[in-house]
Amino acid sequence: MGRIVGIDLGTTNAVVAVLEAGRPLVVANAEGSRTTPSVVGYTKDSELLVGQLARRQLVLNPRNTFANLKRFVGRVWDELEDSSLAVPYTVRANAEGNVRIPCPVTEREYAPEELVASIIRKLVDDAATYLGEPVDAAVVTVPAYFNDSQRQATRDAGRLAGINVERILNEPTAAALAYGFDRTSARRVLVFDLGGGTFDVSLMRIANGVFDVKATSGDTQLGGNDFDQRIVDWLAEAFKRENSIDLRRDRQALQRLTEAAEKAKQELSGVQSTPLSLPFIATGPDGPLHIETTLDRSTFEGLCPDLLDRLMTPVQSALRDSGWSAEDVDDVVLVGGSTRMPMVQQLLRTLIPRDPCQSVNPDEVVAVGAAIQAGILTGELRDLMLNDVTPLSLGLETVGGLMKVLIPRNSPIPVRQSDVFSTSQANQASVDIHVWQGERQLAADNKSLGRFRLSGIPPAPRGVPQVQVAFDIDANGLLQVSATDRTTGRKQSVNIQGGSNLNEEEIKALLAEAEAKADEDRRRRASIDRRNSALTLVAQAERRLRDAALELGPYGAERQQRAVEMAMRDVQDLLEQNDLQELELGVASLQEALFGLNRRLSSERRTDASPLQGIRNTLGSLKDELFSDEDWDDDPWESPSRLSDSRPNMRRRDMNSWDDDFYR
Ligand code: AMP
């Protein structure tokens, strides 16, 4: 098995980690950061941007820049909450009720999974660059509370990114793996994971490398974004009261408000009060309008009591399901940036009387755990074993719309469970199997994962045919359902895809499109890279010319300077004409010319270490041009009009003092 990386695909940030010599290691991205913003965007030229570059254009290009995509992954339109839809880009439902994100600049609609695939691709590319070898597989983490559709959709995103998702791993379980990796003593651990958009709680027992998840619970629509939104609303409402303008209707203003709100929220984790300044946020009848205000921690906390309440329920429910009391928990591990909020930590302390463990980095621990899981899969790490659970009950709809649970929540996975059902009417030739996931008694109140029909049942009185329905959940938490008519042996089995935003045909079509376009993309990429490196070289040449003029004077290395100037101008012209073939030759000539100039510069430096030799040379050249040697050496007072009255003195004294300054 080749290299498998671990990917934490967070709502706000994503992280990739690898195993190096048996130790997990977070990989810095191409920009040098250990976390990559989970943002995808297109420039006005339809160039794809991912991560920090995309994040940078959030305010200026809000309609073509997409953040918080995880909240849409594997969800159908009807399930979305208003708070998820409060984004500055457009989100809409297609004819099938699936979520689509139109991008004006590319004139295309994307499924959320497609955009998320670009983030995965970047992480994998960055890891491959670091490792110096291709990466084609990954362990991808998801919130433990993700349902089957969301897991399927995450796996689809991996496929669209061109990698094998070897394992879908629950985020809190990953965090526990990282936490328990080096520990030998038996511990009962509560992982409290509040990220940008999702919330998970898991209780597990760790002993001698065996990780047993006992219970998990959470809310996939609750995270740091909701806290930001409260500040956005607070600012927007106050502004509306004063100016009768709703800033939330202006995409750019909304994006600026969101960024300022998130920054203020983060600052309030460390200080009691923080200023918020948003100049020129709108224009009123009397000119530009600004926001200048201060938010203090207690006001902020007063905006979020219901969000805190929503954090309590899953902790209590996981404790109940595990059969543990709060006192049984030995360690509390905090995961996700939002756990830095003092109100969150206080609330948790009222539920579990333990100080949280500070030894893990809440931003990186999930990716580290994913890399450890990758090591378990490749066999590199041997003495670890992971026993996870399924977060939500799975069942069928039976007569009267009731939910018949086949696999209760928190069942250890992988698991197989089956039951026998019959017909409700005489001579019924087929039965509809409708699969649901959730905890409510009525099937319709839960999440529909899909339905299929088992037909060809021989005529028989009501209740006689025996249809065996089996549910299989694999180690990824993914479900497969089969139904067998026991009389005929007829069997039908399906991979459930009910809520996924892309069906199999669409995925295949997108993969085919990606393959067909791979050459075009590569060419495009290569041309962008070529242009960028030419631009970099031109900037370098400009700098070297400036250095040369300073160190050697404008004509100190005339031949080499001219060569660089000419080659640079050629490259600039070719860039303008967009002639990429010739550009390559131009770049080669410029590199050669720069090499010549650099060599000349370094040989000059060797013979004269003074960095101000250039100025001397400049003055020297001027002198040559303006005066004869005798003039220069003559008594300056004789020719007051020529340079300066105190020219020789100035030359000696000031140059010496500049030299000193230079080296100080
Ligand atoms: P994650 O998904 O773990 O990267 O968490 C991202 C979320 O954590 C975002 O909503 C951030 O605004 C939030 N966050 C990061 N640092 C802080 C902080 N110091 N205080 C409050 N929230 C934070």
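Some observations on this one:
- Cα gyration tensor shape for the range 84-235, rounded if a/c is under 1.5, else prolate or oblate: oblate
- List 436, 234, ordered by accessible area with a 1.4 Å probe, largest first: 234, 436
- When you count the other C-beta atoms within 10 angstrom of each residue and take the mean per peptide, 218-225, 464-471 line up highest first as 218-225, 464-471.
- Cut-off 13 Å between beta-carbons: net charge of the residues surrounding residue 577, Lys and Arg +1, Asp and Glu -1: -3
- If R0 is taken as 45 Å, the Cβ-Cβ distance between residue 277 and residue 512 corresponds to a FRET efficiency of 0.35.
- Taking the Cα centre of the range 224-305 as reference, the dipole from Cβ charges on Lys and Arg (+1) and Asp and Glu (-1) amounts to some 120 debye.
- Of 78, 355, 296, the residue with the largest accessible area leads and the full order is 78, 355, 296 (1.4 Å probe).
- Across the accessible surface of the chain, with the other protein chains kept in place and a 1.4 Å probe, carbon and sulfur atoms take up 47 percent.
- Less than 5 angstrom separates the built amide H of residue 210 from those of 385, all sequence-distant by 5 or more or on a different chain.
- Close amide H contacts of residue 490 (hydrogens built in the peptide plane, cut-off under 5 Å, sequence separation of 5 or more or a different chain): 485.
- If the segment from residue 605 to residue 468 were pulled out straight at 0.36 nm per residue, it would be longer than the present Cα-Cα gap by 40.7 nm.
- Each Lys and Arg Cβ is given +1 and each Asp and Glu Cβ -1; about its Cα centre, the range 116-254 then shows a dipole of about 260 debye.
- Annotation: aspartates and glutamates with alpha-carbon distance below 16 angstrom to residue 263 (same-chain offsets under eight excluded): 226, 228, 233, 292, 296, 301.
- Extension gain, residue 576 to residue 183, is 135.4 nm, computed as 0.36 nm per intervening residue step minus the present C-alpha separation.
- Computed from the C-beta positions of residue 210 and residue 558 and an R0 of 60 Å, the FRET efficiency is 0.20 to the nearest 0.05.
- Since only 537, 548, 511 are under comparison, the one whose Cα sits farthest along the positive direction of the charge dipole of the range 499-555, derived from C-beta charges on Lys, Arg, Asp and Glu, is 548.
- Seen against the Cα atoms of the chain and their longest principal axis, helix 504-552 is set at about 20 degrees.
- Magnitude of the charge dipole, the chain, Cβ model with Lys/Arg +1 and Asp/Glu -1, debye to 20: 2140
- Excluding ligands, DNA and RNA, the accessible surface per residue across the chain is 47 Å² with a 1.4 Å probe.
- In summary, the lysines within cross-link reach of residue 508, defined as a Cα separation below 16 angstrom excluding same-chain residues under 8 places away, comprise 517.
- Selected from 210, 423, 254, residue furthest toward positive end of dipole (the chain; charges at beta carbon): 423
- In this view, the solvent-accessible surface of residue 118, computed with a 1.4 Å probe and all protein chains in place, comes to about 20 Å².
- 0 to 90° range, to nearest 10: angle between helix 558-577 axis and the chain longest Cα axis: 40
- Put simply, when 55-61, 450-456, 364-370 are sorted by average Cβ atoms within 10 angstrom per residue, most first, you get 364-370, 55-61, 450-456.
- Derived scalar couplings ³J(HN,Hα) [the range 33-46; Karplus, 6.51 cos²θ - 1.76 cosθ + 1.60; whole Hz; x for Gly, Pro]: 9, 7, 10, 10, x, 7, 10, 10, x, 10, 6, 5, 9, 6
- Which of 220, 16, 62, positive extreme of dipole for the chain (C-beta unit charges): 220
- At 1.002 mPa s and 20 °C, Stokes D of the chain from Kirkwood alpha-carbon radius, µm² per second: 73
- When the surface is traced with a 1.4 Å probe over the full set of protein chains, residue 130 keeps roughly 110 Å² accessible.
- Taking a straight line from the alpha carbon of residue 265, these lysines sit under 28 Å away, with near neighbours fewer than eight places off in the same chain left out: 70, 240.
- Count Lys and Arg as plus one, Asp and Glu as minus one, and take only other residues whose Cβ is under 11 Å from that of residue 91; the net charge is then +3.
- Segment residue 298-residue 46, length gained on full extension (0.36 nm per residue, minus Cα span): 86.3 nm
- Amide H contacts of residue 411: 390, each under 5 Å away and 5 or more positions distant or on a separate chain (H built 1.01 Å from N in the peptide plane; Pro and chain starts excluded).
- Pairs of Cα atoms farther than 21 Å apart, the range 224-305, %: 23
The values are calculated or read from the model by the stated rules, or taken from the named source; none is laboratory data. Here the structure is a predicted model, which means the values were calculated and not measured. Cβ atoms come from the backbone with ideal geometry, glycine included; neighbour counts cover every protein chain shown. Quick note on the areas: whole protein, heavy atoms, side chains included, nothing else; ligands and nucleic acids left out. Shrake-Rupley method; radii C 1.70, N 1.55, O 1.52, S 1.80 Å.
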